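Let me begin by presenting the structure, written as structure tokens, before commenting on it.
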Amino acid sequence: MMPSSAYDIVVVGSGPAGQKAAIQGAKAGKKVVLIEQEQGIGGNCVYRGTIPSKTLRETALQFERLKRSNEVFEGRLRLDLPMTVLLHRLDEVVKAHECYMADQLARNGVTYRHGRARLVSPHEVQLETIDGASQTLLAETIVLATGSRPCSIPEVPVDHEHVLDSDSILSMIYLPRSLTVLGGGPIACEYASTFALLGVEVTLIDRAKSPLPFMDSEIVSVFQRGLERQGGRFYLGQTVTEVAWDGVSSVVARLANGMVVKSEKMLVALGRQPNIEELNLEAAGLSLDEKGLLPVNDHGQTVVPHIYAAGDMLGRPPALASQAMEDGRRAVSQALGLPVGDSANQVPIGIYTIPEIASIGLDEEQAAARYRGPLVGRAPFTEIAKGQITGACDGLLKLVTDPSGERLLGVQIVGENATELIHLGQMALQDGANIDRFIDTIFGFPTFAEAYRVAALDILGQRRKRQELAKAA
Amino acid sequence: MSGELPQATTPVPTDPLEQLLIERIRKGAIELPLLPQVASRILAMVYDPDAEAAKLAALIHQDQALAAHVIRIANSPAYMTRNPVVSLQHAVSMLGMNLMSELAFSASIKGSAFKVPGWDDEVKGLWHYSLASGAYAKEIARMRRFNVESAYLCGLLHGIGRPVVLQTLVALSKEQGTTLSKELVHQLLDGYYIQVGLLVADEWGLPPPVVESIGFHSDYNYAKTAKQECMTTCLAGRMAKHFLDPEALDEATLREHVVFADLNLYPKDVDALLAHKDKIRAVVEAMPL
């Protein structure tokens, strides 16, 4: 046992939440240590999640751009392409990410320790290094940001060979000919659309009646139609009763309605569960609620006031890296008595399906539940010159306003660059902008941002009609 | 080969047999075992996404001895399914194509590479080491979420140079009319199995991750495209050594190796891997020489 060390803040986990928590603490002049059990900084986001999946997605998009130009290039993707070829840029991307994160931590004076952490008392964290040595770290404040891992259920045994989860899907040697995706959340839909675009025969099965049920249904239907055009199939409202490798060449999924779905590989993406078992929470006086989650308040503070939790380990869907970063910053700001701000109310949701989906604020259904007759302006990308030029007409931007058609309540977008475009809406929402702002603003031409103006004009038309009707009445 | 091993200063060999061995390696005059045709086609099938189970069964059928052998293995405790396997088609459907490919490939190479009359115990030891390495490689890959499919072959074949060096030494000693001491054999196997293994890999046209695992399993930092496979193979080999002869490589020494840290395996993970001993034993016993 090494002698103990004292820190103002001990952060467990170096994913988006942990990193931002550590940097926030260090910027406030505190002595901070960041503990990570994996070899590199960044957590699953960098090594098995966001970065690798988006790198593969980028390859799929490049392929799609080539396909759009099929009058110039004649060709198709080889189905037996090794995955390493499709992920050829991954090592560079990960290394660059690692470098910048390590620099950022070093620049801010954050101490980084590689090892596994567990609580031994409310103020003590035991660090076990890879060689088995242990050290006790004393902490004024503890931030737990250990992330999450794919959920597993007994009916679907994941062997990481035929039946894979989102941690192992990219370790396949070859692009499979067919893939069944279990689940309808962001991870399931992102991989389903990426693999479909790469020519894999994709079948998505989910219990819910619609994929991405927390998103605007009109927006989701655009994604759904897009995937079907790529040859993808949806079996929705279906329960899987059994999954087994047939021992020959297929993974066989049996559904409750008697249907049997066979594919070469299966991706199980039934949500994520928090990494909390190894933390020894009881030693610090913490316990889990009936859902198996660690209860926290709006700032991530647990019942032990100096212990906070942030990011995916809180188990709040959808697990977004941007939300996790905000959780980390917020937790440490609260712990140090710094202003917390209200930006957490306006974190955009970005889903990297093909086409992309993004949302901020209230959608049509949520607005209708709160207001009587909210207005919705639509801008299909077919009406946007940039959409026509790039061939990315598969898109729709929706602006949701209050019944007067003036106050912006939310923005939902599906289509190319949706996850970038959403930030215009985010700024407008944060500034409490009037819808006319989009009409008075001159956007560059041709750009996708023009969709804001088109949707705002749609609302303007509806507003006038409503005003005329009101006058007539 | 993607990486380059560091150039070590090789001492001038004092033993005439070693000199002859070096000369043969340099001239490429080592008599390499032929990859049996069936094994070669099975290997192609493992890496062929269009391969079908029926083709595999038909392929194994071509070699009656191999077919019988595979059915016997399929019925061994390591693989036995609920009902006894009575036909090759049944074996393929019960065990799965990948596992059948592994079994058939392993069974077919042992007859060609692992045959050195008069040195049965050594060859048996090398064979068990190969099988245990392959089995451990799969468990390590599964734990680390690396590719499980290619791990077995990397583990199984990384020491393929050893029986070939042994065959060569036995042939050389016969030619020279000298006696081979076990000590010298072990020393030369350790010294030359990688070089000879790479010659075998070239001759057999083994897939790139397997070739790198042969060349760089003990110096995995030099591997460029298959470092994970090389690290996995390095650890699998060490675990196999410990499993087969815990006195020669005790658990404390095994745990000291840096490859555990490089694979980010904590003591608890190592405990979990070591707990697979019964499973590994069953795999080794299922396929005797």
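The values are calculated or read from the model by the stated rules, or taken from the named source; none is laboratory data. On a predicted model such as this, the values are computed, not experimentally measured, just so you know. Ideal geometry is used to build each Cβ from the backbone, glycine not excepted, and the neighbour counts take in all protein chains shown.
General observations
- Restricted to the stretch A:220-297, the set of strands (runs of 3 or more DSSP E) holding at least 3 residues that are touching a strand residue (DSSP E or B) at 6+ places or on another chain (Cβ under 6 Å), crowded, with 21+ Cβ neighbours inside 10 Å and at pLDDT 95 or above comprises A:265-268.
- B:Leu265 being surrounded by 18 or more Cβ atoms within 10 Å (Cβ to Cβ), more than 14 Å from chain A (Cβ to nearest Cβ) and part of a loop (DSSP other than H, G, I, E, B): no
- Scanning the stretch A:195-224 for residues that are over 16 Å from A:Lys67 (Cβ atoms) and touching a residue at least 60 places away in the same chain (Cβ under 8 Å) yields a total of 12.
- Scanning the stretch A:402-423 for residues that are under 23 Å from A:Gln366 (Cβ atoms), crowded, with 20+ Cβ neighbours inside 10 Å and under 28 Å from the mean Cα position of the chain (by Cα) gives A:Leu408, A:Leu409, A:Gly410, A:Val411, A:Gln412, A:Ile413, A:Val414, A:Gly415, A:Ala418, A:Leu421, A:Ile422.
Here is a yes/no grid of residues against (1) of a type in the set (Val, Ile, Thr); (2) in contact with a Lys or Arg (Cβ under 6 Å, 6 or more places away or on another chain); (3) within 13 Å of chain B (Cβ to nearest Cβ):
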residue: A:Arg113; (1), (2), (3): no, no, no
residue: A:Arg116; (1), (2), (3): no, no, yes
residue: A:Ile130; (1), (2), (3): yes, no, yes
residue: A:Thr141; (1), (2), (3): yes, no, no
residue: A:Gly185; (1), (2), (3): no, no, no
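- Identity of the residue in the stretch A:143-183, more than 30 Å from B:Met45 (Cα to Cα) and of a type in the set (A, V, I, L, M), that ends up farthest from the other protein chains (Cβ to nearest Cβ): A:Val143
- Within the stretch B:128-175, being over 30 Å from A:Val163 (Cα atoms) and touching a Pro at 6+ places or on another chain (Cβ under 7 Å) holds for one residue alone: B:Val164.
- Considering the stretch B:234-262, the residues that are within 14 Å of another protein chain (Cβ to nearest Cβ), surrounded by 15 or more Cβ atoms within 10 Å (Cβ to Cβ) and touching a His at 6+ places or on another chain (Cβ under 9 Å) include one that is nearest to B:Ala141 (Cα to Cα), namely B:Leu235.
- Residue match in the stretch B:149-161 (condition: more than 10 Å from every other protein chain (Cβ to nearest Cβ) and over 30 Å from B:Asp271 (Cβ atoms)): yes
- Subset of the stretch A:243-289 that is free of Cβ contacts under 8 Å to residues at least 24 places away in the same chain and within 25 Å of the chain's Cα centre (by Cα) - its residue that is farthest from the other protein chains (Cβ to nearest Cβ): A:Asp289
- Test: A:Leu294 is touching a residue at least 40 places away in the same chain (Cβ under 8 Å) and farther than 29 Å from A:Gly432 by Cβ: yes
- Scanning the stretch A:172-192 for residues that are buried (at least 21 other Cβ atoms within 10 Å of the Cβ) and of a type in the set (S, T, N, Q) gives a single hit, A:Thr180.
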